[in-house]
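**Q** Got a structure for you, questions after.
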Amino acid sequence: MKINYDSEINALNIRFQEGNYEKSIEVAGGIIVDYTADKKIMSIEILDANEKIPLETIRSVQKAKSAA
């Protein structure tokens, strides 16, 4: 699993597996779930992340990424 925050577009992505997705569904405003062909969740993208996720959580994702 990989978690990435892109500050340029203010989006947080949680990727459970690599590859190409078959279908994307916006399950709530700005929350998009990507599915594989066999209907398994591939990733979850959260748009306008700083409005939906505590800033402290986003900072911890950024720190973990820079430490890796």
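The values are calculated or read from the model by the stated rules, or taken from the named source; none is laboratory data. Treat the numbers as computed from the prediction; the structure is a model and nothing was measured. Note that each Cβ is placed from the backbone with ideal geometry, even for glycine, and that neighbours are counted across all protein chains shown. Each accessible area value is taken on the protein alone, full model and side chains, heavy atoms only, with ligands, DNA and RNA left out. Shrake-Rupley method; radii C 1.70, N 1.55, O 1.52, S 1.80 Å.
**Q** Please give the calculated 222 nm ellipticity per residue for the chain, where each DSSP H segment of at least 4 residues contributes -39500 (n - 2.57) and the sum is spread over every residue; nearest 500 deg cm²/dmol?
**A** -7000 deg cm²/dmol
**Q** List every residue whose amide H lies under 5 Å from the amide H of MET42, counting only residues 5 or more places away in sequence or on a different chain, with H placed 1.01 Å from N in the peptide plane.
**A** Under 5 Å from the amide H of MET42 lie the amide H atoms of ASP34, TYR35, THR36, each far enough along the sequence or on another chain.
**Q** Given a 1.4 Å probe and every protein chain left where it sits, what share in percent of the accessible area of region 2-67 is carbon and sulfur?
**A** The C+S portion of the solvent-accessible surface of region 2-67 is 50 percent.
**Q** How far is helix 55-67 tilted, in degrees, relative to the longest principal axis of the Cα atoms in the chain, given as a value from 0 to 90 rounded to the nearest 10?
**A** Rounded to the nearest ten degrees, it is 90.
**Q** Using a 1.4 Å probe, what is the accessible area per residue for the chain, in Å²?
**A** 73
**Q** Add +1 for every Lys or Arg and -1 for every Asp or Glu among the other residues with Cβ under 9 Å from the Cβ of ILE32, and state the total.
**A** Overall, the nearby charge balance is -3.
**Q** Explain nothing, just compute: Karplus ³J(HN,Hα) = 6.51 cos²θ - 1.76 cosθ + 1.60, θ = phi - 60°, for every residue of region 25-35 in order, whole Hz, x for Gly and Pro.
**A** 10, 7, 7, 7, x, x, 10, 10, 10, 9, 10
**Q** Report D for region 2-67 in µm² per second (integer): Stokes-Einstein, Kirkwood Rh on Cα pairs, 20 °C, 1.002 mPa s.
**A** Roughly 173 µm²/s, to the nearest whole number.
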